[in-house]
Amino acid sequence: MADVKLERINKAYGSVEILRDINLEISHGEFVVFVGPSGSGKSTLLRMIGGLERITSGRLCVDGRTVNDVDAADRNLSMVFQNYALYPHMTVGQNMAFPLEMAKATKSKIQARVGETAKLLQIEHLLDRKPRQLSGGQRQRVAIGRAIVREPKVFLFDEPLSNLDAELRVQMRIQIAKLHRQLGNTMIYVTHDQVEAMTMADKIVVLRAGRIEQVGAPYDLYHHPASQFVAGFIGSPKMNFLDCRLVEATREGARITLSDGRGVTLPVGAIDLPSGSPLVLGIRPDDFVPPGANRDELSLDIVVDVVEHLGSVTYLYGAVGSDAIVAVSPSNQVRGKEASASIAVAPRDCYLFSKDGVAFRREGVSERWN
Amino acid sequence: MIASRSLYVRLALNALVLLAAAVLVFPLVWILMTALKTQSQVMAWPPQFVFTPTLENFRVLFDAASAGATNYGTIKIDFLSPIENSVIIAVGSVIVSVIVGVPVGYVLARRDIPYKEDIAFFILGFRFAPVLLVVIPLFSVFQAIGLYDTYVGMIWVYQVVTLPMIVWLSRSYIEDIPRELEDAAAMDGASSIQIVWRVVLPLLKPGLIGASLLVFLLAWHNFALGLMLSSAKAPVTVALLKLLNPGVQFYPVMAAGLVVTMAVPVVLILLGQRHLERGLTFGAVK
Ligand SMILES: Nc1ncnc2c1ncn2[C@@H]1O[C@H](COP(=O)(O)OP(=O)(O)OP(=O)(O)O)[C@@H](O)[C@H]1O
Ligand SMILES: [Mg+2]
């Protein structure tokens, strides 16, 4: 049974529609990540689930119960905020005891639970401090502690790591993933960091301007994006997009040409378009290989503007025709600052989109990992 | 920039500062000196700056029973009851304003209600209006309904002075408390009342103590309301005026009364100084 179920949910502030027709099922124990650009409605959706924001229309069920009109306090969910939102006048211990006190737990139970939770998060030595005496990472752990101490069904996280520095962010990311495994609770996690989404999620929900663009496992979103938007959003560095035209659609796939006349046949599903239709070719920067590695490959000549040596890999920034392009290549294959480079990509690594951004099914890629 | 200022400019600037300080301090020093002199010393010309201080004036002020036996002739002053009146009225006004004003400030800070800014500005508008605007119509009303010269009536009209300040200050202090703290408390299972009681009020406390002090001083210094709407329950500011008897001018006693009147706010400010600083909310966010 689904732990959290959203049916045709809408949200409007006055006449401004923020979220439209959101349908989503989250089953018990799932780690669901909401991603999307700033302003796409991630926080609003999360806050609606939490009960901090009214639902304009639609139905929200938590644990089989419709909770549209249930107060946040009575939904038995807990939330970790981007700014931690620790009570500044209480010590760490009091902060963590607060949800238990509200639930009218006994003194001894409170003490035991706070102790266990602090131990789990390695913050036992901080229990008597005030929040202002903590570092960012410590505050974040206290905030997580306050959320898990009550053992709620569902945890909500709103960009919990975005105020931390890169190194700490990786550490905390791993800690949250570990916590999810230990506790086995449902977690709904908002981020606009696609690395967090890819690494932590069982299921990613991509939001765009108040609508769900795609829902799927990280693998599916990466290899079978439903649209150019999702393809551009998932994966780092961002996917390259090149304008091209359909030559003909055959049983093997679609034969396309780039503006410079180079052509390739891509293994994609049925295309119901006349030849000559404009399309968009998508290539991930790390799918480029030196030319000559594959039969039927598409080779490109890049005019290189900037070369960045990162140690293990090298980034090439440049252009193919009028389209900007980024390529990642193993460092030993690029030297100095080349003004041009020849690279290639295998047809099965390519993505193809219609001009209005809908993806064509990629046939050469398996459905799942392994 | 500072280094390039010439010596003369610096001297001139310092002199200006000294002058300003002297202008501000002079009346206070003068009053204090007058309060410690005898009537004849006060009247002496040229003014005496070296004299033997006396506390006689303070005795006259408070010792109602034997006040007649002074060298001022037969005067009878009871300065203690106006102080009592002022304390009751000012403290009462602050308490009523806090009880009424903080919830109003909370609503104005947090809730979306129609015409919110207009309501807020209307409340603040009382700070701009001359107090007499309220007093003149109230004079006859108060006499008619028996509120004239009562503590209840006085505390009620003093709300004109104290309530707008409490509403505005508490609104801005509440706006400084991150909303997420209330959201967090709601998620933690706290009811609205528990949120206010356990989270908002403790964070509001330092600001509220400061605001109450400020408003107490406003009430303490008010003159017009007491003058018009009280006689036996008149506050200390009005009692001071009554010392200005057209027949005998006992300046030193008046000065002593002034010193006492000023001492209350000075002591309060010294005691409450640390509460006037806020900063408890630091650490909540970021
Ligand atoms: N109280 C409000 N009144 C009107 N519009 C609002 C309100 N709160 C949010 N919005 C709008 O709703 C939209 C979604 O906001 P939301 O905070 O959910 O975005 P988000 O995806 O969390 O973005 P970010 O990544 O920047 O946090 C935004 O366009 C925002 O301007
Ligand atoms: Mg957000």
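The values are calculated or read from the model by the stated rules, or taken from the named source; none is laboratory data. From a predicted model like this one, the values you see are computed outputs, not experimental measurements. Cβ: placed from backbone, ideal geometry, glycine included. Neighbour counts: every protein chain shown. Remember, those area values only see protein heavy atoms, side chains included, never the ligands or the DNA or RNA. Shrake-Rupley method; radii C 1.70, N 1.55, O 1.52, S 1.80 Å.
Sequence neighbours fewer than 8 away in the same chain don't count; with that in mind, list the lysines whose C-alpha is under 21 Å from B:K37.
B:K76, B:K242
Average partner chain C-beta neighbours within 10 Å, per residue of A:52-62?
On the way: counts 7, 1, 0, 0, 0, 0, 0, 0, 0, 0, 0.
Per-residue shielding by partner chains comes out at 1.
How far, in degrees from 0 to 90, does helix A:107-120 lean away from the longest principal axis of the Cα atoms of chain A, to the nearest 10?
Taking the Cα atoms of chain A, the angle to A:107-120 is about 30 degrees.
Give me the Debye-computed log₁₀ of I(q)/I(0) at q = 0.08 Å⁻¹ for region B:80-242, equal point scatterers on Cα only, no solvent, two decimals.
Reported log10 I(q)/I(0), two decimals: -0.28.
Residues with amide H under 5 Å of A:Q214's amide H, sequence separation 5 or more or different chain, H placed in the peptide plane at 1.01 Å from N; which?
For A:Q214, whose amide H was placed from the backbone, the distant partners under 5 Å are A:V206.
Mind ranking B:F58, A:F288 by accessible surface for me, highest first, 1.4 Å probe?
Details: B:F58 45, A:F288 15 Å².
Ranking B:F58, A:F288 by accessible area, largest first, yields B:F58, A:F288.
Counting other Cβ atoms within 10 Å, which chymotrypsin sites (Phe, Trp or Tyr not before Pro) in region B:134-243 have at most 15 and lie in a DSSP loop? Write out the running numbers ahead of the final one.
Details: sites: B:F139, B:F142, B:Y148, B:Y151, B:W156, B:Y158, B:W168, B:Y173, B:W197, B:F216, B:W220, B:F223; in loops: B:Y148, B:F223.
Here the chymotrypsin sites (Phe, Trp or Tyr not before Pro) that fit, given the DSSP loop and packing criteria, are B:F223.
List the aspartates and glutamates whose Cα sits under 19 Å from the Cα of B:K116, skipping any in the same chain fewer than 8 residues away.
Counting by Cα, and skipping residues close in sequence, B:K116 has these aspartates and glutamates nearby: B:E175, B:D176.
What is the mean number of Cβ atoms from other protein chains located within 10 Å of the Cβ atom of each residue in peptide B:176-184, rounded to a whole number?
Details: counts 0, 1, 5, 2, 9, 8, 2, 10, 17.
The mean count of partner-chain Cβ atoms within 10 Å per residue comes to 6.
Check cross-link reach from A:K153 to the lysines: straight Cα distance under 27 Å, and skip same-chain residues fewer than eight apart.
A:K5, A:K11, A:K42, A:K104, A:K107, A:K109, A:K119, A:K178, A:K203
Two decimals, Cα atoms only, Kirkwood Rh: what is Rg/Rh over region B:7-56?
Numbers: Rg = 15.6 Å, Rh = 12.9 Å.
Computed over Cα atoms, the ratio is 1.21.
Could you work out how far helix B:7-35 tilts from the main Cα principal axis of chain B, as a 0 to 90 degree angle to the nearest 10?
So the inclination is approximately 70 degrees.
Classify chain B: rounded, prolate or oblate, from the alpha-carbon gyration tensor (a ≥ b ≥ c, eigenvalue square roots; a/c under 1.5 rounded; otherwise prolate if a/b is larger than b/c)?
Verdict is oblate for chain B.
So, taking all protein chains as they sit and a 1.4 Å probe, how much accessible area belongs to A:H89, in Å² rounded to tens?
40 Å²
Evaluated at 4 °C with a viscosity of 1.567 mPa s, what Stokes-Einstein diffusion coefficient in µm²/s does chain A have when Rh comes from the Kirkwood expression over alpha-carbon pairs?
On the way: Rh = 23.1 Å.
In µm²/s, the coefficient rounds to 56.
With no solvent and one point on each alpha carbon, what is the Debye value of log10 I(q)/I(0) for region A:1-44 at q = 0.22, 0.30, 0.31 Å⁻¹?
Scattering profile of region A:1-44, log10 relative to I(0): -0.85, -1.14, -1.15.
To the nearest 10 square angstrom, how much accessible area does B:M228 have with a 1.4 angstrom probe?
The accessible area comes out at roughly 60 Å².
In whole Hz, what ³J(HN,Hα) sequence does region B:96-109 give by Karplus (6.51, -1.76, 1.60; θ = phi - 60°), x for Gly and Pro?
Calculated HN-Hα couplings, in order: 4, 4, 5, 5, 7, x, 5, x, 4, x, 4, 4, 5, 7 Hz.
Just the number, please: percent antiparallel of the DSSP beta bridges in the protein assembly as shown, rounded to the nearest 5. Provide the component values of the computation, followed by the final result.
Values: 64 of 81 bridges.
Expressed as a percentage, antiparallel bridges in the protein assembly as shown total about 80.
Karplus couplings for region A:139-152 from phi (6.51 cos²θ - 1.76 cosθ + 1.60, θ = phi - 60°), rounded to Hz, Gly and Pro as x?
Going residue by residue, I get 4, 4, 5, 5, 4, 5, x, 4, 6, 8, 4, 8, 6, x Hz, with x marking Gly and Pro.
On average, how many beta carbons from a partner chain sit within 10 Å of the beta carbon of a residue in A:77-84? Mind showing how you got there, number by number?
Numbers: counts 2, 4, 6, 2, 7, 2, 7, 8.
For peptide A:77-84, the averaged partner shielding equals 5.
What's the ranking of A:71-82, B:259-270 by average number of surrounding C-beta atoms within 10 Å, highest first? Let's see the in-between values first.
Numbers: A:71-82: 21.1, B:259-270: 14.1.
The most tightly packed comes first, giving A:71-82, B:259-270.
If you count only protein heavy atoms and use a 1.4 Å probe, how large is the accessible surface of A:Y317, to the nearest 10 Å²?
Answer for A:Y317: close to 70 Å² accessible.
Mean 1/r over all different Cα pairs, inverted: what Kirkwood radius does region A:8-151 give, in Å?
Mean inverse Cα-Cα distance, inverted, gives 16.9 Å.
Step through the residues of region A:99-104 one at a time and calculate ³J(HN,Hα) from phi using the Karplus curve (6.51 cos²θ - 1.76 cosθ + 1.60, θ = phi - 60°), rounding each to whole Hz and writing x for Gly and Pro.
Working through the residues one at a time gives x, 6, 4, 5, 7, 6 Hz.
Heavy atoms only, 1.4 Å probe, whole protein assembly: order A:R251, A:R129, B:R5, A:R173 by accessible area, highest first.
A:R251, B:R5, A:R129, A:R173
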